[in-house]
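Accompanying notes for the structure given below.
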Amino acid sequence: MTSINSEPSMNNQESSEKIRNWYNSKEIFEPMKKKRKLNTITNEVKKEIWKRKNSEWDKKSEALTTDNRSLWKMALTGKLKKGNIPSIKSGDEQATTEEEEAEIFAKMLQKQFTLNEGQVEFNDNMERIGRRRDERI
């Protein structure tokens with residue numbers, strides 16, 4: 001096999017070594033080398049954290065029993081998250097009791113579902129047109 005350069009062909013190991021030496025000798029690659037090293041270290045740290053969390057979880061799950069209700073407590077901790085639910089506000093009003101909340105909702109629904117005056121006129125006109133048509137027939 002002949003090389004593009006008129007040099008004798010090298011085996012893969014020699015070729016890889018030459019490329020590695022050239023790569024290591026260039027200063028422009030220093031930031032990339034540092035970044036690669038940082039990424040490697042970061043990934044190793046993440047793996048160790050993951051391993052530790054898993055081992056702690058394994059210890060906790062092995063200690064759970066139904067005798068002291070620890071199994072049920074652990075099962076419910078992920079589901080039950082009590083948060084602070086803000087009170088309902090409408091304009092300047094703020095509901096603090098259930099009755100006040102119901103009143104605010106009633107007012108809101110009343111505003112949203114009031115009959116449109118234009119719709120009433122349209123319906124009246126349609127009825128008149130229908131009556132006229134019926135009278136002609």
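Modelling each spin label as a point 7 Å along the Cα-to-Cβ direction, I'd like the F105/S70 distance in nm, to one decimal.
Distance between label points: 4.3 nm.
Under the √(5λ) rule applied to the eigenvalues of the Cα gyration tensor, what semi-axes describe the equivalent ellipsoid of the range 7-73? Give them in Å, descending.
53, 16, 5
For K33, which aspartates and glutamates qualify as cross-link partners when the Cα separation must be under 20 Å and same-chain residues fewer than eight apart are set aside?
E17, E44
Using the number of other C-beta atoms within 10 angstrom as an exposure proxy, rank E27, E100 with the fewest first.
The fewest-first ordering by Cβ neighbours comes to E27, E100.
Sum up the charges of everything whose Cβ sits under 12 Å from the Cβ of G91, counting Lys and Arg as +1 and Asp and Glu as -1, but leave G91 out.
Details: positive: K89, K107, K111; negative: D92, E93.
Once all neighbours under 12 Å are counted, the net charge is +1.
Grab the Cα-Cα distance for T42 and I85, subtract it from 0.36 nm times how many residues apart they are, and report the gain in nm with one decimal.
The span from T42 to I85 would gain 11.6 nm if fully extended.
Would you mind checking the radius of gyration and Dmax of the range 89-136 based on alpha-carbon positions, in Å?
19.7, 62
No value in this document is a laboratory result; all are computed from the given coordinates. Worth saying up front: this structure is predicted, and the values here are computed from it rather than measured. Using ideal geometry, Cβ is built from the backbone for each residue, glycine included, and neighbour counts are taken over all protein chains shown.
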